[in-house]
Amino acid sequence: MPPFANVEDIGAAAYEPDSGYANPAETVEGFRRRATELGARILQWTAVTRVLRQESRVTGVDTSAGRIDEGSVIVAAGAWSKRLCEEFGLALPVRPKAIDTVAVTRPPELRNPHMIFIDNVLGNYFRPGGGLTLVGIPCQEWDIDPDTLGTGLPPQAADVGAQLLTHRIPAMERATLARGYRAFDGYSTDRHAILGRVDGIDGLYLATAFSGSGFKIAPAVGMCMAELVTEGRAKTVDIEPFSLRRFAEGRTVEGPYPYAVRPDYIDPAVRS
């Protein structure tokens, strides 16, 4: 543990020296370039407005750029997936939730990048990035309209982030706020992704509800979904435990040693 960290209230911690992080925008752009080189057609800034069906089979999608006819459709729309599926009668056990982040400029004595901190008890994280420190802020805004993306952080978010950051790294009291932003994701009722085909609707597949953890597993998910669509099953990893039907069947995908549930992942209506 670095000497500048306050660990007096920590009973135990896991250290992962081989862990890391990536710039999400640059990573996605790398995926886009490679997919294009391999023959994929990618329509950026094109909204899917409706999934088209003919009886029990999908036939394509309507988009802001026109209709696309296709016999296989993967709904991978994150916080927008619930709304998109409800429009054709498929109820997903998913709720869109806000994710708030602030970025601060570190004081001179902490100019070098520090290790990543993830605290599931307090419900936050902070990591270096681009010369700044990014601070994840616990947020309890559920069922939010993801089309409000870009409206900015609520007034209290920066103060909450500052309290959490300086509690763990007291020297950050001399940090300055650089910017803040709000994002969204779809959270399933068990906080695990929904992957696989949809029973009763031929050609429809789901890769959604990653509950804030989809970025790091995106390459594996893409590989498995491609195998499922083209070969009938995912061979790289068995994704059947993550199927939509698990909710109706009462199945769980938790391992024997699950992480503690973050307080900002708990629906306040359920908790009360």
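The values are calculated or read from the model by the stated rules, or taken from the named source; none is laboratory data. Given the structure is predicted, the values throughout are model-derived calculations rather than measurements. Neighbour counts are summed over all protein chains in view; Cβ atoms, including those assigned to glycine, are modelled from backbone coordinates with ideal geometry.
Brief remarks follow.
- Ser211 in the same structural domain as Ser56 (by TED's automatic domain parsing), of a type in the set (Ser, Thr, Tyr) and under 28 Å from Phe117 (Cα atoms): yes
- Residue match in the stretch 90-102 (condition: over 17 Å from the mean Cα position of the chain (by Cα) and in a loop (DSSP other than H, G, I, E, B)): yes
- Beta carbons closer than 8 Å, at least 6 apart along the sequence or on distinct chains, pair a first residue in the stretch 33-56 that is more than 19 Å from Gly78 (Cβ to Cβ) with a second that is β-branched (Val, Ile, Thr) and loosely packed, with under 11 Cβ neighbours inside 10 Å for Thr36/Ile42.
- Residues within the stretch 61-76 that are out of contact with any helix residue (DSSP H, G or I) (no Cβ under 6 Å at 6 or more places or on another chain), of a type outside the set (Val, Ile, Thr), surrounded by 14 or more Cβ atoms within 10 Å (Cβ to Cβ) and closer than 23 Å to Glu227 by Cβ, tallied: 1
- Test: residue in the stretch 28-47 that is touching a Ser or Thr at 6+ places or on another chain (Cβ under 7 Å), β-branched (Val, Ile, Thr) and over 30 Å from Leu164 (Cα atoms): yes
- Any chance Glu254 is out of contact with any Phe, Trp or Tyr (no Cβ under 7 Å at 6 or more places or on another chain) and free of Cβ contacts under 8 Å to residues at least 40 places away in the same chain: no
- Hits in the stretch 192-234 (condition: under 25 Å from Ser19 (Cβ atoms), assigned to a loop (DSSP other than H, G, I, E, B) and out of contact with any helix residue (DSSP H, G or I) (no Cβ under 6 Å at 6 or more places or on another chain)): His192, Ala209, Ser211, Gly212, Ser213, Gly214
- Failed item in (1) at pLDDT below 95; (2) surrounded by 19 or more Cβ atoms within 10 Å (Cβ to Cβ); (3) of a type in the set (A, V, I, L, M), with Ile118 passing the rest: (2)
- In the stretch 113-148, the qualifying residues are those that are in a loop (DSSP other than H, G, I, E, B) and among the aliphatic types (A, V, I, L, M), and the one that is farthest from the chain's Cα centre (by Cα) is Met115.
- Qualifying residue in the stretch 44-60 (condition: of a type in the set (Phe, Trp, Tyr) and either at negative phi or surrounded by 11 or more Cβ atoms within 10 Å (Cβ to Cβ) (or both)): no
- Lone qualifier among Pro2, Pro17, Pro93 - being surrounded by fewer than 16 Cβ atoms within 10 Å (Cβ to Cβ) and in contact with a helix residue (DSSP H, G or I) (Cβ under 7 Å, 6 or more places away or on another chain): Pro93
- Listed by position, the strands (runs of 3 or more DSSP E) inside the stretch 1-88 whose residues that are over 20 Å from Ser213 (Cβ atoms), among the charged types (D, E, K, R) and not assigned by TED's automatic domain parsing to the domain that holds Thr166 number at least 1 are 48-54, 57-63, 66-69.
- Residue list for the stretch 209-249, restricted to those being over 19 Å from the mean Cα position of the chain (by Cα) and in contact (Cβ under 8 Å) with a residue 60 or more places away in the chain: Val229, Phe247
- Selection within the stretch 162-188: residues that are polar (S, T, N, Q) and surrounded by 15 or more Cβ atoms within 10 Å (Cβ to Cβ). The member of this set that is nearest to Val104 (Cα to Cα) is Thr166.
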